[in-house]
Amino acid sequence: MIVHPPLHGGGRRVTVQGKDLGVAHSDRQLLEFLRQAGLPEAEDLIDDPEWVKWDGRPAHIYGGG
């Protein structure tokens, strides 16, 4: 899963294997995307670089780019 850099208006686009899952505006929304992708223990994976790549800005920052 890639969490792309923050968008100018806020939020970060989220993709899995090139498929667009939407825009997350918080860790809570990102966790829901992980669950929808079939990863029920998402809380354990959000900071695991094997599963989630935070691109362009530090993790957990969703403000405008």
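In Å², and per residue, what accessible area does the chain have when probed at 1.4 Å with the other protein chains present? Walk me through the intermediate numbers first.
On the way: 4060 Å² over 65 residues.
Here the residues of the chain average 62 Å² of exposed surface.
What is the spin-label model distance, in nm, from Ser26 to Glu50 if the labels are put 7 Å beyond Cα along the C-beta direction?
3.0
If the elastic network links every pair of Cα atoms under 10 Å, which of Gly11, Gly38, Gly22 fluctuates the most in the Gaussian network model of the chain?
Maximum among the listed residues: Gly38.
Which value in deg cm²/dmol, rounded to the nearest 500, describes the helix-derived mean residue ellipticity at 222 nm for the chain, given -39,500 (n - 2.57) per DSSP H run of n ≥ 4 and division by the residue count?
Working: 1 runs with 10 residues, N = 65.
Counting only the DSSP helices, I get -4500 deg cm²/dmol.
Quick one: what Rg and Dmax do you get for the chain from the alpha carbons, in Å?
Cα-based Rg and Dmax for the chain come out at 10.5, 30 Å.
The values are calculated or read from the model by the stated rules, or taken from the named source; none is laboratory data. Nothing here was measured: the structure is a model prediction, and the numbers come from that model. Counting neighbours? That spans all protein chains shown, and the Cβs are built from the backbone with ideal geometry, glycine included. Side chains included, ligands, DNA and RNA excluded: accessible areas come from the protein's heavy atoms. Shrake-Rupley method; radii C 1.70, N 1.55, O 1.52, S 1.80 Å.
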